[in-house]
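Each remark here refers to the structure printed beneath this line.
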Amino acid sequence: MGHVRNYTLGDVVARYKRARGFDVLHPMGWDAFGLPAENAARERGTHPAAWTRQNIEIMRGELQRMGLSLDWSREFATCDPSYYGLQQSLFLDFLKAGLVDRREAWVNWDPIDHTVLANEQVIDGRGWRSGALVEKKKLSQWFLRITDFAQELLDGLDSLDRWPSRVRQMQANWIGRSEGAELNFALTEPFANISSLPVYTTRPDTLFGMSFLAIAAEHGLAAALAETNPAIAAFIAECQRMGTSEVAVETAEKRGIDTGLRVKHPFIENATYPIWIANFVLMDYGTGAIFGCPSGDQRDLEFARAYDLSVIPVVLPAGETEADFKIGKRAHDGAGTMINSDFLNGLTPEEAKKRAIARLEKLDIGRGVVNWRLRDWGVSRQRYWGCPIPIIHCDDCGAVPVPVADLPVLLPDDVTFDRPGNPLDHHPTWKHVNCPNCGKSARRETDTFDTFVDSSWYFSRFCAPQAIQPIDRAATDRWLPVDQYIGGIEHAILHLLYSRFFTKALAKIGHLGVTEPFKGLFTQGIVTHESYKGEDGRWLYPDEVIRDDAGQPRHHTTGELVTILRPEKMSKSRRNTVDPGAIIGAYGADTARWFILSDNPPDRDMEWTESGVAGAYRFTQRLYRLVANIADRSKAVAAESNAALALRQTTHRTIAVVTEALESFSFNTAVARIYEFANALSEAEKSAEAAGMDHARFEAASALARLIAPMMPHLAEEMNALLDISAPLVVAQNWPEADPALVAVSSVIIAVQIMGKLRATITMPPDSAAEDVLRAAESEPNIQRLLEGKRIVKRIHVPNRIVNLVTAG
RNA sequence: GGCUCUGUGGCGGAACGGUAGACGCGGCGGACUCAAAAUCCGCUCUCUUCGGAGGUGCCAGUUCGAGUCUGGCCAGAGCUACCA
């Protein structure tokens, strides 16, 4: 149901903008590669391609029955060779432009499934599918150099003023720019050709509070030490077994092992500190080594307490004295004055930071650097159902790009899923090819791309889906950036960041002329539903549950009592799903669309309820009846009755407010205004004989048809044809225009307050002079009564809205 | 732990700092009907001595006036997480 909501919202915008005369590109495609297809293959023996095609057929049918105004001529799926082949050629362009690296990286390795797992696929240290304990393993992987664009990706966020600020905030946090210093700590004695250790820190100001240096278990020095020291080897092995899961991280104690090696302090002559291997130091942030200042960093403090290392306060908080200040259980990482810090004493941490960096640079042992939390994007996946990475590995020539003329590298159809691992790797012939360089026998890369690659440029392809080139520059110059992108908040970081990176990278190599893909972003909420449990605790489908005479929920055949649980995201495992096809079948697409739009603001989660759908359905029937009674007698009359004029004013005011609501994505309030309009039109039936009412009702109904058209396109056409069979289709008509003369009001109701409390209302001509309004307010009977014996000391008048009388005595 | 967001009737939710609760759902009452369904009409925040009084998570503040702005709490949600 989530996708139905998503595309309904988009369709309203598309239809509305089209009626306003815009040229709208509203395409549809399929993000078709990925794990679900492979899992289905393993579980049910269907081929991933067949399974995918079948799913696309089903979903396309649903979308078409929803009446989405999509341009199906632009449809494609990412698993089409005509799409992924072009993606391969883009990759080769990236490679040529130096945007691709191949390097060793630590990965989560599932020893049963023989595959790399993403972090989110590791649950409590075990593979989400196999349940095997996940190992950290070093593998050669392909990386896209997204970090080259870190600054641009951060800066670009400022220009995205039509994005939700929280998404921008999330991306900024993810990119994680920090400023600090990188410095080298010299070892007192070199070990295994290592004479110094580089360390990144954001707090060079606290260097005088140092009490140890710690390196990650995966650090090169640790590996070298492990060769001759079994205790260290055991400790490293233990760290690698430790999961990366939340629980593991949260409950893990700070642990370490002293290497026996020591480093010199950069500033203090003859001072040396131990090097520890610690479980809380991350290899892939900074340099994989830290200096520990326990007084200023909570983690360092916990580590120091565990191993009885010294704690030297270096920042004195305001209001404390140097003699009394002690570090207890909490490190002090806030503001204050530097102490125990030689040439930094008396400075603020900010100033001290600058001074320390200057000294490091002068001594030529360090420098100020900017560091990023963002990592390069590993795109290798040991999977079949994805886009093959177009590389051939040759023993002599190394990794050789597949020549462009040989693209696409097609996935073989004849694969088996009868054993763990990557079917491409098991295939008897596929990977054996000759090196394009030297002609000797070589091997294809058997990894495929992360599917986020597929979805990082599809919007460019939609602009010219038949083009020979992957991206048609003229077409993208015309259409991009996307004016309005609609998606779930779950894409706030990954998909949206990767797409932004791709756009900047493609711009750099000339494929695109824009540097941001999506000008406007709207994040819609998820669709939820109650879920139901039978007496034995099994999940029940919504249509298995009925209400008995007493209103108790019961199973429809067994009669057992059913427990209702609070609404949650629809999921197959909880069985709290509703089938869009069944809803459309029972009520029609317009009812589904109307309910989706009316329930609540589209950026919030919506609860799918049967009564809500039924209410929407009733309204569709009511609209039809309302219009069926109105014939095309559209001539205006010279002398219009008050009733007719009032209806016409309502019509034009409704046009104005609905237009405004649609512009601001307030679909639920647009719906409310249309309900009010329909109520007014019903009311007008009572004075059907009044002069000019035929025309007024016809005008109203005609406007109503066009106003609901973006939301209920089918009913809109029915109503339009009922009113005037010879009229052009609503989709061919313009958006209704509000007549300013009819929108204007002839009187306003002004609230009269005394001391800010509402005491009366008065009716006045709009824009009346202040003195007239105040005179009328003060002579209103109820106000006069309340003012008795009081003196007015101040009169507030807000034109057309309110009068507030401030009294004394 | 960090960042962000959200707290308004029985429910979903309206409300440029200016009449809190629009509109819908649900509920109650009535009309129509032999009856029901459908439909139509009315009522639906609380208290009230019928003058009013109180009310938007809690406590302060700014203002003639605060659901809206500021500060501090409380609760819930999302993201992120040993990022040095």
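Cβ-Cβ distances below 7 Å connect the following pairs, each with a first residue in region A:582-608 that is within 19 Å of A:Arg566 (Cα to Cα) and within 14 Å of RNA strand B (Cβ to nearest atom), a second residue that is among the hydrophobic types (A, V, I, L, M, F, W, C) and modelled with pLDDT under 90, and a separation of six or more residues or different chains: A:Asp599/A:Met606; A:Asn600/A:Met606; A:Asp605/A:Ile526; A:Met606/A:Val527; A:Trp608/A:Met1; A:Trp608/A:Val527; A:Trp608/A:Val578. Is at least one residue of region A:304-319 within 14 Å of RNA strand B (Cβ to nearest atom), in contact with a helix residue (DSSP H, G or I) (Cβ under 9 Å, 6 or more places away or on another chain), outside any helix (DSSP H, G or I) and hydrophobic (A, V, I, L, M, F, W, C)? Checked region A:304-319: at least one residue is within 14 Å of RNA strand B (Cβ to nearest atom), in contact with a helix residue (DSSP H, G or I) (Cβ under 9 Å, 6 or more places away or on another chain), outside any helix (DSSP H, G or I) and hydrophobic (A, V, I, L, M, F, W, C). Of everything in region A:476-492 that's surrounded by 19 or more Cβ atoms within 10 Å (Cβ to Cβ) and among the aliphatic types (A, V, I, L, M), which residue is nearest to A:Leu662 (Cα to Cα)? It comes out as A:Ile486. A single entry from A:Lys686, A:Lys757 fulfils the requirement of being closer than 30 Å to A:Arg791 by Cβ and either among the charged types (D, E, K, R) or modelled with pLDDT under 90 (or both): A:Lys757.
The single condition from (1) more than 30 Å from the chain's Cα centre (by Cα); (2) of a type in the set (Val, Ile, Thr); (3) under 17 Å from A:Lys96 (Cα atoms) that A:Ile389 fails is (1).
Among the residues of region A:330-351, those identified as closer than 9 Å to A:Asp205 by Cβ, more than 14 Å from RNA strand B (Cβ to nearest atom) and either surrounded by 16 or more Cβ atoms within 10 Å (Cβ to Cβ) or basic (Lys, Arg) (or both) are A:Met338, A:Ser341, A:Leu344, A:Leu347.
Which of the residues belonging to region A:175-231 are free of Cβ contacts under 8 Å to residues at least 60 places away in the same chain and buried (at least 23 other Cβ atoms within 10 Å of the Cβ)? Once the filter is applied, which keeps residues that are free of Cβ contacts under 8 Å to residues at least 60 places away in the same chain and buried (at least 23 other Cβ atoms within 10 Å of the Cβ), region A:175-231 yields A:Ala222, A:Leu225. Summed over region A:493-535, residues that are touching a helix residue (DSSP H, G or I) at 6+ places or on another chain (Cβ under 7 Å), part of a helix (DSSP H, G or I), surrounded by fewer than 18 Cβ atoms within 10 Å (Cβ to Cβ) and at pLDDT 95 or above total 0. Would a scan of region A:34-50 turn up a residue that is of a type in the set (S, T, N, Q) and within 30 Å of A:Thr115 (Cβ to Cβ)? Within region A:34-50, one or more residues are of a type in the set (S, T, N, Q) and within 30 Å of A:Thr115 (Cβ to Cβ).
Just one of the numbered conditions (1) surrounded by 22 or more Cβ atoms within 10 Å (Cβ to Cβ); (2) within 16 Å of RNA strand B (Cβ to nearest atom); (3) outside any loop (DSSP other than H, G, I, E, B); (4) under 35 Å from the mean Cα position of the chain (by Cα) is not true of A:Met711: (3). The set of residues in region A:736-769 being of a type in the set (Ser, Thr, Tyr) and either farther than 30 Å from A:Ala808 by Cβ or within 8 Å of RNA strand B (Cβ to nearest atom) (or both) consists of A:Ser746, A:Ser747, A:Thr761. Kindly check whether there is at least one residue in region A:772-779 that is in a loop (DSSP other than H, G, I, E, B), within 13 Å of RNA strand B (Cβ to nearest atom), more than 46 Å from the chain's Cα centre (by Cα) and free of Cβ contacts under 8 Å to residues at least 60 places away in the same chain. No, region A:772-779 has no match at all. Residues in region A:416-451 that are in contact with a strand residue (DSSP E or B) (Cβ under 9 Å, 6 or more places away or on another chain) and either in a loop (DSSP other than H, G, I, E, B) or free of Cβ contacts under 8 Å to residues at least 60 places away in the same chain (or both): 22 in all. Here A:Arg554 qualifies as in contact with an Asp or Glu (Cβ under 8 Å, 6 or more places away or on another chain), of a type in the set (D, E, K, R) and without any contact (Cβ under 8 Å) to a residue 12 or more places away in the chain. For A:Thr78, the conditions (1) out of contact with any Asp or Glu (no Cβ under 7 Å at 6 or more places or on another chain); (2) crowded, with 20+ Cβ neighbours inside 10 Å are fulfilled apart from (1). Has region A:748-764 got at least one residue that is without any contact (Cβ under 8 Å) to a residue 40 or more places away in the chain and outside any strand (DSSP E or B)? There is no residue in region A:748-764 that is without any contact (Cβ under 8 Å) to a residue 40 or more places away in the chain and outside any strand (DSSP E or B). State whether one or more residues within region A:157-169 are without any contact (Cβ under 8 Å) to a residue 24 or more places away in the chain, among the hydrophobic types (A, V, I, L, M, F, W, C) and more than 28 Å from A:Glu361 (Cβ to Cβ). Scanning region A:157-169, I find at least one residue that is without any contact (Cβ under 8 Å) to a residue 24 or more places away in the chain, among the hydrophobic types (A, V, I, L, M, F, W, C) and more than 28 Å from A:Glu361 (Cβ to Cβ), so the answer is yes. Just one of (1) at pLDDT 95 or above; (2) over 19 Å from A:Arg145 (Cα atoms); (3) of a type outside the set (D, E, K, R) fails for A:Gly368. It is (1). Within the option set A:Pro294, A:Pro266, being over 40 Å from the mean Cα position of the chain (by Cα) and more than 21 Å from A:Ala222 (Cβ to Cβ) holds for one residue only, A:Pro266.
The values are calculated or read from the model by the stated rules, or taken from the named source; none is laboratory data. Note that the structure is predicted; figures quoted are calculated from it, not measured. Counting neighbours? That spans all protein chains shown, and the Cβs are built from the backbone with ideal geometry, glycine included.
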